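Q: Can you read through this structure? Questions will come right after.
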Amino acid sequence: QVENGTLDVGFVGRKVECSCIFEPIATDELVIAAPNNAYFREKYGENADLKELLKEPFIMRTEQSGTQYEAEQLLQNLGLSEKDLKIVAKVNDAHALQNYVIQGLGISLVSHRMVKAEAQRGKLLVYPLGQYARQRSFYLVFQEGPYLPKSAVAFIRYVRELSQKKEL
């Protein structure tokens with residue numbers, strides 16, 4: 001949407017081939033989020049076996065997302081594919097996905113930053129990927145040029161400042 005001019009500025013979890021500028025602004029790692037209910041607490045406790053956990057109903061991000069790309073890499077590293085998962089839904093919106101997990105529809109591979117607050121509130125269980133964990137970057141994406149609105153330029157400057165202070 002930034003490339004075609006629909007948006008002036010965006011945030012993404014993966015670089016793609018286009019004429020946009022991608023600036024890394026933060027890092028994160030992916031985790032498996034599960035509903036904090038009796039079933040998951042009793043069956044998996046705090047240290048779940050990743051391959052066993054991936055046998056549960058799974059909510060997947062759509063193909064365009066950086067999280068989906070990372071999920072494919074994880075499955076490949078585990079010797080699995082999407083066909084090995086019990087995919088119950090494919091979702092475009094990260095917050096909708098988080099709510100589906102909270103409601104017990106399934107588990108999902110998500111950004112630790114995104115689910116940290118809900119996990120602290122006791123609504124989600126978070127399972128690290130252990131030896132399969134990888135740091136990933138989040139990027140500020142924009143088109144550079146004389147037609148970028150002043151408000152977008154100011155916003156980019158603000159995000160850069162927050163990134164330098166590690167406040168993102």
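Q: Inspect all residues belonging to the range 138-145 and state whether any of them is in contact with a helix residue (DSSP H, G or I) (Cβ under 6 Å, 6 or more places away or on another chain), assigned to a helix (DSSP H, G or I) and not β-branched (Val, Ile, Thr).
A: Checked against the condition, which is being in contact with a helix residue (DSSP H, G or I) (Cβ under 6 Å, 6 or more places away or on another chain), assigned to a helix (DSSP H, G or I) and not β-branched (Val, Ile, Thr), the range 138-145 yields no hits at all.
Q: While we're looking at this one, here's another question. Being exposed (fewer than 11 other Cβ atoms within 10 Å of the Cβ) and either on the phi < 0 side of the Ramachandran plot or at pLDDT below 95 (or both) is the filter here, so list the residues in the range 118-139 that pass it.
A: Hits for the range 118-139 are 120, 121, 130, 131, 135.
Q: Something else about it: Cβ-Cβ distance below 8 Å, separation of 6 or more or different chains: which pairs start in the range 140-158 with a residue that is farther than 17 Å from residue 24 by Cβ and open to solvent by less than 40 Å² (accessible area, probe 1.4 Å) and end on one that is modelled with pLDDT of 90 or more and assigned to a strand (DSSP E or B)?
A: If the second residue must be modelled with pLDDT of 90 or more and assigned to a strand (DSSP E or B), the pairs left are 148/142; 152/9; 152/142.
Q: Sticking with this structure for a sec: Only one of these conditions is not met by residue 75: (1) modelled with pLDDT of 95 or more; (2) open to solvent by less than 50 Å² (accessible area, probe 1.4 Å); (3) hydrophobic (A, V, I, L, M, F, W, C). Which number is it?
A: (1)
Q: Among the listed residues 42, 29, which satisfies the condition of being out of contact with any Cys (no Cβ under 7 Å at 6 or more places or on another chain), among the acidic types (Asp, Glu), outside any loop (DSSP other than H, G, I, E, B) and more than 20 Å from residue 114 (Cα to Cα)?
A: Testing whether each residue is out of contact with any Cys (no Cβ under 7 Å at 6 or more places or on another chain), among the acidic types (Asp, Glu), outside any loop (DSSP other than H, G, I, E, B) and more than 20 Å from residue 114 (Cα to Cα) leaves just 42.
Q: For residues in the range 53-97 being of a type in the set (A, V, I, L, M) and without any contact (Cβ under 8 Å) to a residue 24 or more places away in the chain, which is farthest from residue 107 (Cα to Cα)?
A: Step by step, filter the range 53-97, then rank; the result is 75.
The values are calculated or read from the model by the stated rules, or taken from the named source; none is laboratory data. Only a predicted model underlies this, so the values are computations on that prediction, with no experimental measurement involved. Here the Cβ is made from the backbone with ideal geometry for all residues, glycine too, and neighbour counts use every protein chain on show. Calculation scope for accessible area: heavy atoms of the full protein, side chains included, ligands and nucleic acids excluded. Shrake-Rupley method; radii C 1.70, N 1.55, O 1.52, S 1.80 Å.
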